Amino acid sequence: MASSTNTPSYILRYIDLIVLGESTRLLLTAANVEWTEEHPEWPKEKPNQPFCRLPVLVEKSTDGGPDFVICESGNIERYLARTYGLLPADLKEAALQEQVRDQITDVINTFVSFIEAISEEDKKARLEAFGELLDKFIAVYSVHIRNNGNTGHLFGNSLSFADIVTYVLFKNVVFGLVKFKADIADYTKPKFTPEIIKLISTVETDPKLTKFVLKSGNLSAAVRA
């Protein structure tokens with residue numbers, strides 16, 4: 001991943017899973033900067049991380065000063081997206097993309113509540129709540145993709161922050177959450193619309209991303225199977 005001498009390099013500290021690290025990986029890849037990934041021994045390294053949690057992004061100094069270190073996945077993603085032009089400069093246009101990320105967090109948190117449920121009755125209710133919220137997300141953004149000219153992008157006609165985080169939501173749903181519910185793909189794949197499938201394919205075939213995203217599984221093939 002090439003960079004100029006004036007462009008910083010990065011270290012992503014996270015576990016070797018899709019979950020909260022994949023959007024940052026794709027943003028770094030799309031930015032065409034030098035970056036590496038570290039997998040801290042956990043929980044041994046927990047006290048050594050900002051706020052004792054992962055992911056963490058380290059931006060290496062280019063002028064001999066201290067490195068810039070930040071945590072919280074959404075904060076890291078927004079910082080990189082703004083730095084490398086994957087969020088628009090216009091505040092209102094950026095807000096429309098940033099709300100997509102917050103809605104994705106709601107979807108994932110609803111699934112987490114299912115994982116944490118104790119009784120079978122509670123698990124059933126929470127899985128239904130997750131399904132309803134995922135349905136709503138898919139319905140709203142399928143229309144959004146159509147209204148954007150059905151280009152496979154949520155906004156405009158080029159790769160954006162919103163495209164990346166939406167792609168990663170579905171990668172988590174199909175691949176990342178299987179360890180918590182073995183048949184999660186069978187439960188969710190019938191919900192996918194042609195517009196969402198096109199967005200997935202558009203991200204996976206983007207020249208800046210295609211070699212990297214396929215390392216963790218061909219989502220386009222999985223959702224069509």
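Pairing each residue of region 196-221 that is open to solvent by less than 30 Å² (accessible area, probe 1.4 Å) with any residue that is among the acidic types (Asp, Glu), provided the two are 6+ apart or on different chains, yields C-beta distances under 7 Å for LEU199/ASP163; VAL203/ASP163; VAL213/GLU204; LEU219/GLU204; SER220/GLU204.
Pull up region 173-184, narrow it to residues that are farther than 19 Å from VAL140 by Cα and open to solvent by less than 20 Å² (accessible area, probe 1.4 Å), then point me to the one that is modelled with the highest pLDDT. Give the derivation first.
Looking only at region 173-184, we keep the residues that are farther than 19 Å from VAL140 by Cα, and these are 174-184.
Going one step further and asking which of them are open to solvent by less than 20 Å² (accessible area, probe 1.4 Å), we end up with 174, 176-177, 184.
Values: VAL174: 91, GLY176: 84, LEU177: 87, ILE184: 88.
So the residue we want is VAL174.
Do the conditions hold for ASN6, that is, is it of a type outside the set (A, V, I, L, M) and on the phi > 0 side of the Ramachandran plot? Criteria not met by ASN6.
One residue stands out among those in region 71-109 that are surrounded by 15 or more Cβ atoms within 10 Å (Cβ to Cβ) and of a type in the set (Gly, Ala, Ser): the one that is farthest from the chain's Cα centre (by Cα), which is ALA94. Against the test of being surrounded by 13 or more Cβ atoms within 10 Å (Cβ to Cβ) and under 17 Å from TYR84 (Cβ atoms), the options GLU59, GLU37, GLU45 yield a single qualifying residue, GLU59.
Considering the conditions (1) open to solvent by 50 Å² or more (accessible area, probe 1.4 Å); (2) part of a loop (DSSP other than H, G, I, E, B), LYS123 is excluded by exactly one of them, (2). If you go through region 146-181 and keep only what is touching a residue at least 24 places away in the same chain (Cβ under 8 Å), under 15 Å from VAL223 (Cβ atoms) and not small (Gly, Ala, Ser), you end up with THR166, TYR167, VAL168, LEU169, PHE170, LYS171, ASN172, VAL173, VAL174, PHE175, LEU177. Examine region 11-23 for a residue that is open to solvent by 20 Å² or more (accessible area, probe 1.4 Å), under 15 Å from SER61 (Cα atoms) and not polar (S, T, N, Q), and state whether such a residue exists. Within region 11-23, one or more residues are open to solvent by 20 Å² or more (accessible area, probe 1.4 Å), under 15 Å from SER61 (Cα atoms) and not polar (S, T, N, Q).
Right, THR193: open to solvent by 20 Å² or more (accessible area, probe 1.4 Å) and among the β-branched types (Val, Ile, Thr) or not?
On the way: open to solvent by 20 Å² or more (accessible area, probe 1.4 Å): yes; among the β-branched types (Val, Ile, Thr): yes.
Against the criterion (open to solvent by 20 Å² or more (accessible area, probe 1.4 Å) and among the β-branched types (Val, Ile, Thr)), THR193 qualifies.
The values are calculated or read from the model by the stated rules, or taken from the named source; none is laboratory data. Please read these numbers as outputs of a predicted model, since none were measured by experiment. Positions of Cβ are backbone-derived with ideal geometry, glycine not excepted, and every protein chain shown enters the neighbour counts. To get the accessible areas, we keep the full protein, side chains included, count just its heavy atoms, and leave off ligands, DNA and RNA. Shrake-Rupley method; radii C 1.70, N 1.55, O 1.52, S 1.80 Å.
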